[in-house]
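The values are calculated or read from the model by the stated rules, or taken from the named source; none is laboratory data. On a predicted model such as this, the values are computed, not experimentally measured, just so you know. Here the Cβ is made from the backbone with ideal geometry for all residues, glycine too, and neighbour counts use every protein chain on show. Each accessible area value is taken on the protein alone, full model and side chains, heavy atoms only, with ligands, DNA and RNA left out. Shrake-Rupley method; radii C 1.70, N 1.55, O 1.52, S 1.80 Å.
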Number of protein chains: 2
Amino acid sequence: MENTNTAEARLSVVPQKFSFANFVLENGEVLEEVTLDFETYGVLNPARSNAILIAHAFSGDAHAALFHEGDKRPGWWDNMIGPGKAFDTGRYFVICSNVVGGCAGSTGPSSINPKTGKEYGLEFPQITIKDMVAAQKKLVEHLGIEKLYSIAGGSMGGMQVLEWLVSYPNSMRSAIPIATTARHSPQQIAFNEVGRQAIMADPKWCGGNYYNQEIPKAGLSVARMVGHITYMSEKSMAEKFGRRTKSEQEPTKFHADFEVEGYLRNRGDFFVRRFDANSYLYISKAMDLFDASDGRHLSEKFLELDAKLLVLAFKSDWLYPAHQSLEIVSACKIVGVPVTYLEIDADYGHDSFLLETETQSRVVKHFLARVDGSVS
Amino acid sequence: MENTNTAEARLSVVPQKFSFANFVLENGEVLEEVTLDFETYGVLNPARSNAILIAHAFSGDAHAALFHEGDKRPGWWDNMIGPGKAFDTGRYFVICSNVVGGCAGSTGPSSINPKTGKEYGLEFPQITIKDMVAAQKKLVEHLGIEKLYSIAGGSMGGMQVLEWLVSYPNSMRSAIPIATTARHSPQQIAFNEVGRQAIMADPKWCGGNYYNQEIPKAGLSVARMVGHITYMSEKSMAEKFGRRTKSEQEPTKFHADFEVEGYLRNRGDFFVRRFDANSYLYISKAMDLFDASDGRHLSEKFLELDAKLLVLAFKSDWLYPAHQSLEIVSACKIVGVPVTYLEIDADYGHDSFLLETETQSRVVKHFLARVDGSVS
């Protein structure tokens, strides 16, 4: 989608910070200081009843919509968040925060450890999806919101949505988990493990202590390339690249003969400039460890739940296949939680939750409108 | 499949060598000396009409069946080649050779360059699937065989089968391309490119000059891990590992929590002991460059073809999906080449061509029996 805003018409957003102390993690360890980077769009109504929390995916951040001062590209879900859009900022107060463990303003392994005055590196405790969500809960309470109107997110964002439902079953009126799963399959774990191995195989990773020297660029770039392939579909890659060869060849052997090779190399190179290798390790591990059902049947975890669900999957998403979304739908039905399910016919693979706007917008908008007659 | 041969009953096979000089490659470069490592099983009949050539996959070798002296495991397709098996060595003379560019006895980048007296490394020319097949043709002629009874192979072996059909359309009575494609899709190229990048990102790769020092073990291991995931199916991984966690944990962070992680690490470690990193680069590139249709419609390349085809695909193979096999079937039908197609319902993913024995054996055996009444 081309963004049609002119430079003058661009609405900018200012990142905010929320800090709290002595955060007890799921594994019992304590983070003395935690800061969350977050953004908000729209206006909180006097009843504080129109707030929607957006949870970001693996490599996402708090910048979900609008523009940062001077930026040419808007936030990562700007096609879905804004006046008249799926998450209509004319009606709803939308919040998005960078996860604990991240590297885009929130406390993570690249933050300074107050105990040592140096970056945490691998001294950072292993955070979980439950910890990410517990931190968000503190932010939401800090904003004076008792009950969210909704909570939505795709991929790892969807895992956070599920964890909210399990940890705080009375804290939202509705929820929209998209292209996600209650737990990773061995295949999903395996793809993450390859990324971690690629990073740790890079001698520049130095056991995680690379912050004041050269970063493990090569390893992180390979990890991102693996991820990128899994986010696309066979069809979307074929449409984007075919077998077109690059017009200008590099003079070395094993150059990128095909456009797809050059694209992947560029995406890998671009990624290393904005993402911390240790955050890659911690967050991907948090995804692999996540199990919303905690070894039981998922429906048992939904017994206390008082919310309506919209579950979305995409036909071409082979990384988070529809049967994983259907497991969530089944769990809802077994315990009588109202649920709507749609498998959207988009060709972008797992990336569809970011790229498909039309159907997602319609279904999300209608779903949100029917959650609660009191907001209109 | 458990091999039930006892140590005493094991039939051993001795690797053979075939050498020739001044091999002109597809790109015009010349290899002064070429050696092919090959094995044969069964007996060539006096009419020399019962020979079947087996082409191996990416990381395969000439050792397709029986045992090498002292080995505990037989060749890679021993479940398919032998007395009474799919490729019945009581009837047929089966040949398998390691490809040019390989590292299991045939000339490749780890061989000594006669011009310099040192290993080729990246001085080795970029070989293609056509070159692999041209070298096999010389071996087959050297064995006094004018027309093969059949030629069969899975994955990259299937690409070689297709190249035989295009390059030497009157040199075989039948052909069996399995789990393969006439050309790689961008997704297949992308997975190979990630493997190459992982190898070249390893500082120990040293631009390909690592033969008398430490090898790029870490990079090659990551490359192999990516490959392994793509060879399995979501279902076969789930059945093999589930989300079982390892009983004994390593004391470091980012250890292998799940069995699947430990398995992948072990497979990667095992692979680096037997496979050359530069061969990985050259052979994977040969696969990516391969296009049996050469930019035209594949059927046009089959106009001269005088052979019967059996095309096999596997339902759970997402790396080489059935629609790629169906393209080969369509091309045959358009030009009246007799073709039988079967999509086999096995759960092992792309590895099915190596692991599924029952259906493959039946269909291959019946197909071969009907190719030509003269061999019985």
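The A and B chains share an interface that buries close to 4300 Å² of accessible area, total over both sides, probe 1.4 Å.
The mean number of partner chain beta-carbon atoms within 10 angstrom of a residue's beta-carbon across peptide B:198-204 is 6. Taking the accessible area of the stretch B:309-357, probe 1.4 Å, and keeping the other protein chains in place, the carbon and sulfur fraction comes to 57%. The string of couplings for the stretch B:293-301 from the Karplus curve (6.51, -1.76, 1.60, θ = phi - 60°) is 8, 6, x, 9, 7, 3, 4, 5, 6 Hz, one whole number per residue in order, with x for Gly and Pro.
What separates the Cα centres of the stretch A:196-267 and the stretch B:324-360 is a distance of 32 Å. Averaging the Cα positions of each part gives two centres, and for the stretch A:129-160 and the stretch A:21-54 these lie 7 Å apart.
With helices as the sole contributors, the protein assembly as shown gives -10500 deg cm²/dmol at 222 nm; each DSSP H run of n ≥ 4 counts as -39500 (n - 2.57), and the sum is divided by every residue. Residue-wise HN-Hα couplings along the stretch A:38-43, as the Karplus relation 6.51 cos²θ - 1.76 cosθ + 1.60 with θ = phi - 60° gives them from phi, are 8, 9, 10, 9, x, 10 Hz; Gly and Pro carry x.
Ordered by solvent-accessible area of protein heavy atoms (1.4 Å probe), largest first, the residues A:Ile151, B:Ile215 come out as B:Ile215, A:Ile151. For the stretch A:272-370, what class follows from the C-alpha gyration tensor (a ≥ b ≥ c being the square roots of its eigenvalues): rounded when a/c is under 1.5, otherwise prolate if a/b is larger than b/c, else oblate? It is oblate, given that a/c is not under 1.5 and a/b is not larger than b/c. With all protein chains in place and ligands, DNA and RNA left out, the 1.4 Å accessible area ranks B:His68, A:His350 as B:His68, A:His350, largest first.
Computed over the protein assembly as shown, the alpha-carbon pair-distance distribution with 20 angstrom bins reads 16, 45, 29, 10, 0, each value a whole percent. With only alpha-carbon pairs counted, each pair once and no self-pairs, how large is the Kirkwood hydrodynamic radius of the stretch B:1-144 in angstroms? Computed over the stretch B:1-144, the radius equals 16.2 Å.
For a test of the definition: using alpha carbon positions, the gyration tensor, and the 1.5 limit on a/c, classify chain B as rounded, prolate or oblate. Rounded is the answer for chain B, as its axis ratio a/c remains below 1.5.
Using the Cβ-Cβ distance between B:Cys206 and A:Lys72 with R0 set to 30 Å, the FRET efficiency works out to roughly 0.15.
Using 21 Å as the Cα-Cα cut-off, could you pick out the over-long pairs in B:Lys138/B:Lys308; B:Lys130/B:Lys301; A:Lys235/A:Lys315; A:Lys285/B:Lys246; B:Lys72/B:Lys246? In this structure, B:Lys138/B:Lys308; B:Lys72/B:Lys246 exceed 21 Å between Cα atoms.
Rolling a 1.4 Å probe over the heavy atoms of the protein chains gives chain B an accessible area of 40 Å² per residue. The magnitude of the dipole of the stretch B:188-285, with charges of +1 and -1 set on the Cβ of Lys/Arg and Asp/Glu and taken from the Cα centre, is near 140 debye. Exposed loop sites here are GluC sites (Glu not before Pro) assigned a DSSP state other than H, G, I, E or B and surrounded by at most 13 other beta carbons within 10 Å; excluding them, the longest clear run of chain A is A:70-145.
Given a 1.4 Å probe and the protein chains as shown, A:Arg244 ends up with an accessible area of around 110 Å². Per residue of the stretch B:14-30, in order, report the coupling 6.51 cos²θ - 1.76 cosθ + 1.60 (Karplus, θ = phi - 60°) as ³J(HN,Hα) in whole Hz, putting x for Gly and Pro. Working through the residues one at a time gives 10, x, 10, 10, 9, 10, 8, 10, 6, 8, 7, 8, 4, 8, x, 5, 10 Hz. When a/c reaches 1.5 or more, the comparison of a/b and b/c decides; with that in mind, is the stretch B:188-285 rounded, prolate or oblate per its Cα gyration tensor? Oblate is the answer for the stretch B:188-285, as a/c is 1.5 or above yet b/c matches or exceeds a/b.
For chain A, averaging the sequence separation of C-alpha pairs within contact (under 8 Å, six or more residues apart) and dividing by the residue count gives a relative contact order of 17 percent. For chain B, complete DSSP H runs whose alpha carbons reach 15 Å or more along their own long axis and whose mean Kyte-Doolittle score is -1.0 or higher are B:129-142, B:156-167, B:186-201, B:217-231, B:259-272, B:277-289, B:322-334, B:358-371.
Placing unit charges on the Cβ atoms of the charged side chains and taking the dipole of the stretch B:40-163 about its Cα centre, the candidate lying farthest along the positive direction among B:Gly108, B:Ala135, B:Gly84 is B:Gly84. Note on B:285-291: average number of Cβ atoms from other chains within 10 Å of each residue's Cβ is 2. Near B:Gly154: Cβ cut-off under 13 Å, other residues only, Lys/Arg at +1 and Asp/Glu at -1. The net charge is -3. Think of the stretch A:188-285 as having a plus end and a minus end, set by charges on the Cβ of Lys, Arg, Asp and Glu; of A:Gln213, A:Ala198, A:Ser236, A:Ser236 sits farthest toward the positive end of this dipole. With a cut-off of 15 Å on the backbone N, the residues of the stretch A:306-338 near the modelled label site 7 Å out from A:Glu239 along Cα-Cβ are A:314-318. Under a Gaussian network description of chain A, with springs only between Cα atoms under 10 Å, the residue in A:Lys240, A:Lys138, A:Lys147 that fluctuates furthest is A:Lys240. Placing a label point 7 Å from Cα along the Cα-to-Cβ direction at A:Asp269 gives distances to the equivalent points in the other copies of 3.6 nm, listed shortest first.
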